[in-house]
Amino acid sequence: MKVLFQSKNFKVGKILEDFSSKNIQSGSIISFLGKVREFSNQKKLRSMDIELYEKMAKHQTHQAINSLFEKIQIEDLLIIHRYGNLKPGENIIFILVASKHRTEGFKFIQEMVIFFKKKITFWKKENFSNISQWVKEQK
């Protein structure tokens, strides 16, 4: 299990290949890739600033993972979440789950994405051509 918070972008293909090779015994490798959208509320996004207090974000993430481990059996996990100034089309979050069967992997990722949207403290500011505004509610 590995959780990384970083500012630099990452190569999805290489990470997926390495994770899959490491989990050769698993029957399922499920992934989720979240990216910066080009539009928000029908306005063209110039960039998005993501801020976090890393120590708190790691603590909250590990709490979420431990809670999910109690009800969903998986074999391995990798989460990469970016912060800093990100442009439309850039990667924000990549979650990889290795499990015996696909059902567990899909469930785990779905629940983990919900945790990241609603329970883990990030501050997001959307930058448009003429205004910047903090994101209030996560969907």
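The values are calculated or read from the model by the stated rules, or taken from the named source; none is laboratory data. Note that the structure is predicted; figures quoted are calculated from it, not measured. A quick note on method: Cβ atoms are made from the backbone with ideal geometry, for glycine too, and the neighbour counts reach across all protein chains shown. Please note that ligands, DNA and RNA were not included when accessible areas were found on the heavy atoms of the full protein model with its side chains. Shrake-Rupley method; radii C 1.70, N 1.55, O 1.52, S 1.80 Å.
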Task: Selection within segment 115-134 - assigned to a strand (DSSP E or B) and of a type in the set (Lys, Arg) - done: LYS124, LYS125
Open item on the list: With the requirement that a residue be open to solvent by 30 Å² or more (accessible area, probe 1.4 Å) and not charged (D, E, K, R), what does segment 89-100 give you?
Closed with: GLY89
Open item on the list: So for segment 78-88 (the condition being within 14 Å of ILE120 (Cβ to Cβ), modelled with pLDDT of 95 or more and open to solvent by 50 Å² or more (accessible area, probe 1.4 Å)), does at least one residue qualify?
Closed with: yes
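Which of the residues that make up segment 52-77 are touching a Lys or Arg at 6+ places or on another chain (Cβ under 8 Å) and either free of Cβ contacts under 8 Å to residues at least 24 places away in the same chain or surrounded by fewer than 16 Cβ atoms within 10 Å (Cβ to Cβ) (or both)?
Across segment 52-77, the qualifying residue is only GLN73.
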Task: Residue pairs meeting the criteria (Cβ under 9 Å; at least 6 apart or on separate chains; first more than 14 Å from ILE79 (Cβ to Cβ) and modelled with pLDDT of 95 or more, in segment 100-112; second open to solvent by 10 Å² or more (accessible area, probe 1.4 Å) and assigned to a helix (DSSP H, G or I)) - done: none
